[in-house]
Amino acid sequence: PASEDNPIELSVTTFGTFGYDDLYKEYEEANPGITIKANNIDTGGNARTDLFTKLAAGSGVSDVVAIEEGWLGAIMEVSDKFVDLNEYGAEDIKENWVDWKYKQGTDPSGRVIGYGTDIGPQGICYNGDLFEAAGLPSDREAVAELLGGKDATWEKYFEVGNQYKDASGKAWFDQAGFVWNSMVNQMEEGYYTKDGELNIEGNDAMIANFKMLSGSIEDGLSANQEEWKWNNGQSFLDGTFATMVCPGWMLGNIQGGIETAGGSTDSGWDFADVFPGGASNWGGAFLSVPETSEHKEEAAKLAAWLTAPEQQVKQSAAANNFPSTLEAQEQLAADATPNEWFNDAPTGAILASRAEGVEAQF
């Protein structure tokens, strides 16, 4: 074990916005002899490329690596390259997580290769100022009802979008890729069946959704924004579009975009407890320890600490994401802390509500 007389450096690679900077410092202070070398990659896609390249080379992989849910299936094909966390006490803490999240991090052989960080229950982000200007209600409870409440559908979402466009002459959502991803994620089986077979040909439900979304683009409801760019955040401030599909972690992206464009907490953005088509999860990540780590025990200890409920609450505050551990979810729901970047919406409590009914998709 690390100590002041036996110092150890642990490297950690994450991507996007994880909110770990202060947690790294806290861990170093509580564990003399541990130094954390942090590496953050801009997007999950680039992190995937980085990790698979290094796995193929057999070197250069960090002691702890973040894995995105979207490419977890591909990781499972090389799960033997990661430490079985059962060897370091995973079984003792498995009740921390929602059941499906823990199962996602378990390979077909029963090896636990990842501790869950966040999950991505979805609500609707909207700009209340733009809604008011178009004659639509802006109160978040009223917006939820406007979109259908518990019976919200994509048809209703696009119907209201056409009302907004007719009144304002502007686009309803930022771009179609994120909407499409949300639609697919809601299906019991998305691009793949539970047996791992490609699920495209003859998939009538997916085809119907694709045609509906294509129709909304033809109606001018999409602002055709470049993914992750939003005109360097300026589109959040200039009224280019009025709504976005928002998994918990997207709140951090929106805040970052507003700040990049020079905006502040009075931008008009808000967050509603509603989602077309019902409960949906987009994203979430895991922390894993590769077999190439020279400090497997210490790396596993760090991964377990970073994903413990107490740390997930702090991570949520720093990154605007939503935890995968039950205790952390309950605390955020109870606290209902106002989020100043979203018109003081209790984003944690709303995400806890949106997480009800979520089921993991293969």
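The values are calculated or read from the model by the stated rules, or taken from the named source; none is laboratory data. Just so you know, these numbers come straight off a predicted model, no measurement behind them. Virtual Cβ from ideal backbone geometry, glycine too; neighbours counted across all protein chains shown. Remember, those area values only see protein heavy atoms, side chains included, never the ligands or the DNA or RNA. Shrake-Rupley method; radii C 1.70, N 1.55, O 1.52, S 1.80 Å.
Brief remarks on what is shown
- The set of residues in the range 1-33 that are of a type in the set (A, V, I, L, M), surrounded by 14 or more Cβ atoms within 10 Å (Cβ to Cβ) and more than 24 Å from the chain's Cα centre (by Cα) comprises 2, 8, 10.
- Every residue from the range 324-345 that is open to solvent by less than 80 Å² (accessible area, probe 1.4 Å), in contact (Cβ under 8 Å) with a residue 60 or more places away in the chain and in contact with a Ser or Thr (Cβ under 8 Å, 6 or more places away or on another chain): 324, 325, 339, 341
- Selection of helices (runs of 4 or more DSSP H) fully inside the range 79-143 by the criterion of at least 2 residues being of a type in the set (A, V, I, L, M) returns 90-93, 128-133.
- Pairing residues of the range 1-27 that are without any contact (Cβ under 8 Å) to a residue 24 or more places away in the chain and in a helix (DSSP H, G or I) with residues that are open to solvent by less than 40 Å² (accessible area, probe 1.4 Å) and of a type outside the set (Phe, Trp, Tyr), at Cβ distances under 7 Å and at least 6 apart in sequence or on separate chains, gives 24/36.
- Checked against the criterion of being surrounded by 11 or more Cβ atoms within 10 Å (Cβ to Cβ) and touching a strand residue (DSSP E or B) at 6+ places or on another chain (Cβ under 8 Å), the candidates 199, 209 yield just one match: 199.
- Checked against the criterion of being outside any loop (DSSP other than H, G, I, E, B), more than 21 Å from residue 41 (Cα to Cα) and at pLDDT below 95, the candidates 283, 348 yield just one match: 348.
- Residues located in the range 41-60, provided they are out of contact with any Asp or Glu (no Cβ under 9 Å at 6 or more places or on another chain) and in contact (Cβ under 8 Å) with a residue 12 or more places away in the chain: 42, 43, 46, 50, 51, 52, 55, 58, 59
- In the range 286-321, the qualifying residues are those that are modelled with pLDDT of 95 or more and assigned to a loop (DSSP other than H, G, I, E, B), and the one that is surrounded by the fewest Cβ atoms within 10 Å (Cβ to Cβ) is 294.
- Test: residue 115 is in contact with a helix residue (DSSP H, G or I) (Cβ under 8 Å, 6 or more places away or on another chain), over 25 Å from residue 255 (Cα atoms) and crowded, with 18+ Cβ neighbours inside 10 Å: yes
- Number of positions in the range 34-79 that are modelled with pLDDT of 95 or more, in contact with a helix residue (DSSP H, G or I) (Cβ under 7 Å, 6 or more places away or on another chain) and open to solvent by 30 Å² or more (accessible area, probe 1.4 Å): 6
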